[in-house]
Structure formats: C-alpha cells, structure tokens
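Data first, discussion second: the structure below is written as structure tokens.
The values are calculated or read from the model by the stated rules, or taken from the named source; none is laboratory data. Because the structure is a prediction, the values reported are computed rather than measured. Quick reminder, even Gly has a Cβ in these numbers, built from the backbone with ideal geometry, and neighbours come from all protein chains shown.
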Amino acid sequence: MVEIRHLKLITTIHKAGSLSEAAKVLHLTPSALSHQLKQLESSLDTAIFYRTNNQLLFTPSGKEFLKSAKEILSQLSQMKDRIQDIEEVQLEKYIHGFSQEETRRLYDQASSIEQFLHWDSTWPDDSLILEAGCGVGAQTKIIAPKNPNSKFIAVDLSEKSLKQAASSIQELDIKNVVFQKADIKKLPYADNHFDHVFVCFVLEHVSQPIQVLKELKRVLKTGGTITVIEGDHGSTYFYPDSVDAQNAIQAQVNLQQQNGGNANIGRSIFPMLQTVDFKDIIVNPRQIYVDESKPKLVEGFIKSTFTAMIKGIAEEAIAKKIISKETMSKGIKDLLQTANGGTFCYTFFKGKGTKS
Ligand SMILES: C[S@@+](CC[C@H](N)C(=O)[O-])C[C@H]1O[C@@H](n2cnc3c(N)ncnc32)[C@H](O)[C@@H]1O
C-alpha cells in the first residue's frame, strides 16, 4: 500500500541527495528510513533505486514513482491552500463579525472583567510573548502595559481588526507590541520562537482547537507557558430566571456550533491542554457574579458584554431559524431584566500549561 509518507520519503531523498541527509530532514533515523524504503519497494514489487558504490540511483520505475509523487504532493498542497482560502472567507462570517458594535463590545468586555481575568497576567521581564487572535486589541491593551519589559507579537487574520488594534495601542502610547497578520493554524514563525503564548476568546471560534493548540505549542520554547482564557455559556444562570432568555443563549450556542465553534469550550481547557501534552496544567474558573451592589458590572457585563453579544447574533440566529424572532426578543428583554435588581452569574476559565 503506497502511503503519503512514501511519496514524501522518495521526494525528500531526491532533494537531499542521500539517505542520511533525507533522514535528517524527515526527523527519522537512517535505519527507519531504509526500513520504509524497503517496505515501499516490496509493496510495489520493484526497486526504486540501484544501490551501487554507496550511491542511490533511480531505476526507471523509481523515476516514474518520483514524477508521480511530486505531482500528487503538489496537488495535495494546492488542495490545502484552496481549503485555507475557504476558511479565511468563512472567518469573515464568524458569528460576532467585525462591526463597530462588536469592537465596542470587545472593549467593554475586556475592561469590565479585567480584574477577574488579568490580575495574574504577568510574565517574567524580557519575555517574547505571542498573543494569538488579538482581534481589536481589547486584551492587548491590558496585558501589554502590565508587562512593560516584555515584547508582544499580537496576531490575527482580520486586517480590519489589526488596524483598529494598532490605532488603539498607539493612542495609549503602548510601545511593546507589534501587530502581524497571521493564521494561528499555520503561524509564520520558527519552532521554539516565543517564551510564552496567550490566547483569549479564540479557541471557541475555531473548528479545530487541538490543531491550533499544537501549532501554538510548536512556536513555544521548551519551558515556556501557554495561557488560555475562554468562556462557557453553559455556566450562565440568573435571577429572575427565564426560559426565553435560556433559549436565546442556547441559540448562540447552536449558531456557534453550526459555524464550527464551541461556545461551551471553557470546561474543556484542561483536557485540551492535556491532549496536546502540556505539563503542569492548572485551570481556574473565574466566576463573574453581578448584582445591584456592583453597578459597573451591571452596565459593563450584563448589558454591554453578555446581552450585547446575544443581540449581536440575534439576526443571524433568526434568519437560520435556530430561534423565533419572538422568543429571541423576549429572551433579550429578560436578560436585561436581570440588570434591574436581579443577579447574573457567568464563569470564564483561565488555564495555563508548560511545554516540556
Ligand atoms: C472573539 S475575538 C477575540 C479577540 C481578542 N482575543 C479579545 O479577547 O478581545 C476572536 C478573534 O479570533 C480571530 N481568529 C479566528 N480564527 C483565527 C485564525 N485562524 N487565525 C488568526 N485569528 C483568528 C478573529 O479574527 C477574531 O479577531
């Protein structure tokens, strides 16, 4: 059975010029590489190379195999690029969108819950820190000034958000951040490049969070840490309770799921970090509890963050028939009702792991 690894094996041997060089490129031992080669030759029932004077010369069958292998690998790579393009277009449709209201909401969200999420967002001086999926820089403008002697590279795929982030950082005269456009699934950085990685409210929107975590781990130095912050809509409860409000929240969970994300991802930070083999993992829940005695949170969290988020997805959820217009309107009204003498609870999860 010819496998993709066999195609890579033969094209790499051709490129590298020898078995030992190819073994280095493929991170294999020379004997593992010879074994794979023998397996391939026996499954094809033909020799790929003439083995003479320690030289590897392609046989006629070997030349044909090499030609086809190059074509197939190139087609595979083109297919990957085309899928990547589709993903980028879909990003433009990610459920919160990139409107002015959403920009405002992200800033309100970050500032209203800063004390809960960021009292411990500090890293040793002189660290190089990657912020993955920085959006409009709502977290960046909190964490960068808290770590004035470290440098941040903040990346996102949305050019529009990056421009907004850069201008808000400039306004605050913050000088230790560089913004770059990059896909967190395929980062343009070498292995072991960053001392630490920070990612907030991003994994909930990607269809393959484990793939993203693997990529973030790749660019992280051994001994470096990853910090992940995510919400979990299943952690929401409030007074007065309302089935319509619960249905409105569930509509966002369902919509996000249809778009490949997971609005209840907070509870899975620990197992996800474990799957990617981070060590010394610690996850703390950061519960936001709001009542009348906390007027800033009533405004900043219940109204401007949480209910604004549900309002922001209402139109799309109704258009996709996930929820009726009536239930959504009543649900939003009931969520706002919790700001008038009621109470509201929501839990964010902040996890940290070390690359060993
Ligand atoms: C909800 S926003 C959070 C932004 C910021 N971290 C915050 O907490 O305010 C999610 C961000 O992830 C970005 N994003 C999603 N998929 C991405 C990808 N594959 N590569 C880079 N950024 C991505 C989106 O463009 C968006 O700006």
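Quick notes on this structure:
- When the range 167-205 is filtered for residues that are more than 13 Å from the ligand (Cβ to nearest atom), among the charged types (D, E, K, R) and outside any strand (DSSP E or B), the ones remaining, listed by number, are E171, D173, K175, D191.
- Only one of G223, G234, G260 that is within 16 Å of the ligand (Cβ to nearest atom) and among the small types (G, A, S): G260
- Filter result for the condition that a residue is surrounded by fewer than 20 Cβ atoms within 10 Å (Cβ to Cβ), of a type outside the set (D, E), more than 9 Å from the ligand (Cβ to nearest atom) and modelled with pLDDT under 95, over Q164, Q115: Q115
- Enumeration of residues in the range 208-222 that are touching a strand residue (DSSP E or B) at 6+ places or on another chain (Cβ under 7 Å) and assigned to a strand (DSSP E or B): L220, K221
- Residue in the range 213-222 that is buried (at least 18 other Cβ atoms within 10 Å of the Cβ) and touching a His at 6+ places or on another chain (Cβ under 8 Å) present: yes
- Out of D195, D125, D191, D120, sole residue that is touching a helix residue (DSSP H, G or I) at 6+ places or on another chain (Cβ under 6 Å) and on the phi < 0 side of the Ramachandran plot: D191
- Residues of the range 125-166 satisfying the condition of being small (G, A, S) and not in a helix (DSSP H, G or I): S127, A132, G133, G135, G137, A138, S150, A154, S158
- Hits in the range 239-254 - residues which are under 24 Å from K350 (Cα atoms) and either in contact with a helix residue (DSSP H, G or I) (Cβ under 7 Å, 6 or more places away or on another chain) or among the small types (G, A, S) (or both): I249, Q252, V253
- All conditions in (1) modelled with pLDDT of 95 or more; (2) more than 8 Å from the ligand (Cβ to nearest atom); (3) at positive phi hold for G97, with the sole exception of (1).
- Enumeration of residues in the range 134-161 that are surrounded by fewer than 23 Cβ atoms within 10 Å (Cβ to Cβ), more than 20 Å from W119 (Cβ to Cβ) and within 13 Å of the ligand (Cβ to nearest atom): I153, V155, L157, S158, E159, K160, S161
- In the range 118-132, the residue that is nearest to the ligand (Cβ to nearest atom) out of those that are of a type outside the set (D, E, K, R) and buried (at least 23 other Cβ atoms within 10 Å of the Cβ) is A132.
Conditions tested, residue by residue: (1) without any contact (Cβ under 8 Å) to a residue 40 or more places away in the chain; (2) at negative phi.
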{"site": "V206", "(1), (2)": "no, yes"}
{"site": "L213", "(1), (2)": "no, yes"}
{"site": "L220", "(1), (2)": "no, yes"}
{"site": "G223", "(1), (2)": "no, no"}
{"site": "G234", "(1), (2)": "yes, yes"}
{"site": "V243", "(1), (2)": "yes, yes"}
{"site": "N247", "(1), (2)": "no, yes"}
{"site": "N254", "(1), (2)": "no, yes"}
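- Screening the range 261-345 for helices (runs of 4 or more DSSP H) wholly inside it with 1 or more residues that are under 22 Å from the mean Cα position of the chain (by Cα), assigned by TED's automatic domain parsing to the domain that holds T236 and surrounded by fewer than 17 Cβ atoms within 10 Å (Cβ to Cβ) returns the ranges 269-275.
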